[in-house]
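The values are calculated or read from the model by the stated rules, or taken from the named source; none is laboratory data. Bear in mind that the values here come from a model prediction, so they are computed numbers and not experimental data. Note: ideal-geometry Cβ built from the backbone for every residue, glycine included; neighbour counts use all protein chains shown. Just so you know, the surface numbers come from the protein's heavy atoms only, side chains and all, with ligands and any DNA or RNA stripped out. Shrake-Rupley method; radii C 1.70, N 1.55, O 1.52, S 1.80 Å.
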Amino acid sequence: MSSFPRNVLVTGATGFIGAHVVDELLRRGHKVRAATRSEEKGKLLKNARTSYNDQLEIFQIKDFSNAVSFKDAVEQVDGIIHVASPFDYSVQDNENQLVKPAIAGVQAVMEAAAANPGVKRVVITSSFASVLDVNRKSPPHFTYTSADWNPLSYEESIDKDTSAVVAYRGSKKFAELEAWNFVKKHNPTFDLVTLCPPMTFGPICHPVTKIADLNESNNTLWKVASGQDLPVARVPFWVDVRDLAVAHVEALLRPEVGGKRFTVASPDKFSYSKVADIVSGEFDWGEKRVTKGKRQEIDESHDLDGETAGTELGVRYRSFRQTVKDFIEQAAGLEQQERK
Ligand SMILES: NC(=O)c1ccc[n+]([C@@H]2O[C@H](COP(=O)([O-])OP(=O)(O)OC[C@H]3O[C@@H](n4cnc5c(N)ncnc54)[C@H](OP(=O)(O)O)[C@@H]3O)[C@@H](O)[C@H]2O)c1
């Protein structure tokens, strides 16, 4: 990469992670073109950042599934952070609502980027879902790294009888593979970095005005705090959204990380019982309200390497207590407002 990207297109900018990436870029003085499907959400995002009026442009892309829609979006851009992808376990049609749109989005971004020689780097938000192998069991103890790939087949991920959770894992694996295969096949002028975060939690800064609209991962924390059944902890790994935003921006800016894939994860693990303990201890209403249920032990049988990303991307991970506290404080405030 000859010089660092300054003008950055961020997709999924009106989502939980994307909005934090936008803010991290703005704070560092970059110009950001924030791509959104919804004009309304775009306006809300912009109106909440008036001090960055000159740096932030909202760009509506109604159809994320073809490169033509991205043609104008990539004009005068030298870096792209592609965050957008469906993350919703309540879908009815796994293939058409999760798997296909995830792959098509990556395809469209890569094609549009390749048509603009000004683009130096593309960073893609993949997921630990594209790393995890549900059949890999300990003993012996093992550590997932960025060298691992989910062995799920395309057919398994679109099987009509499969759950949305499995289909989502397929959507992330095959979307990420699409990007790596594109680079191999077309040898474009830009290079690629992918990030594979596990469960991502933390305060929100995207346009959400009611609890019902919380994103999928934070919603599980709120379930515990608001006394609903303890969610299933499918993996014990997590990262704070603010740390993940730093990882995205560093992945865009550090010349030496081009061509790499990173798992970005905090070293301490979580369970939803740990969330209940933190909420009970941190909030005067917590003890009375939180879900107790059967105690969930933290799965210590294996680890996920977050250290490599910590070192190579300069990420210092926050504690789980801080993350839960910051988010629950905000969500409780949102609930109060709704009740007024
Ligand atoms: N949250 C986590 O725990 C977690 C963990 C690992 C990886 N990830 C990945 O991080 C990314 C962002 O997730 P998030 O947690 O921020 O979720 P989110 O709040 O639901 O945001 C998803 C974003 O993607 C956009 N999007 C969804 N479906 C789309 C489609 N078919 N076409 C175009 N855009 C679409 C959404 O647009 P609208 O605003 O218009 O709805 C939104 O901006 C996803 O790639 C997800 O797989 C998330």
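Observations on the model:
- Check: segment 1-134 dipole with +1 on Lys, Arg Cβ and -1 on Asp, Glu Cβ, in debye: 480
- The alpha carbon gyration tensor of segment 41-130 gives principal lengths a ≥ b ≥ c with a/c of 1.5 or higher and a/b no greater than b/c, which makes the shape oblate.
- Selected from T125, T311, T263 as most flexible by GNM, with the chain as the system and alpha-carbon contacts under 10 Å: T311
- Computed FRET value (nearest 0.05) for Q228 with S138, which takes r as the C-beta separation and R₀ as 30 Å: 0.45
- Taking a ≥ b ≥ c as the square roots of the eigenvalues of the Cα gyration tensor, an a/c ratio of 1.5 or more together with a/b no larger than b/c marks segment 118-253 as oblate.
- Cα-centre dipole for segment 82-181 with unit charges at Cβ (Lys and Arg positive, Asp and Glu negative), debye to 20: 400
- Think of the chain as a dipole: +1 on every Lys or Arg Cβ, -1 on every Asp or Glu Cβ, centred on the Cα centre; then among Y52, W149, T220, Y52 lies furthest on the positive end.
- Modelled FRET efficiency - R0 35 Å, K292 with D93, Cβ distances, 0.05 increments: 0.45
- Apportionment of accessible area to carbon and sulfur, segment 100-236, percent (1.4 Å): 51
- Positive-end ranking of P231, S38, S126 along the dipole of the chain, with charges on Cβ about the Cα centre, is headed by S38.
- Prolate is the label for segment 203-317, because a/c, from the alpha-carbon gyration tensor with a ≥ b ≥ c as root eigenvalues, is 1.5 or above and a/b exceeds b/c.
- Taking the Cα centre of segment 145-249 as reference, the dipole from Cβ charges on Lys and Arg (+1) and Asp and Glu (-1) amounts to some 140 debye.
- Among the trypsin sites (Lys or Arg not before Pro) in segment 237-332, those located in a DSSP loop and surrounded by at most 13 other Cβ atoms within 10 Å of their own Cβ are K292, K294, R295, R316.
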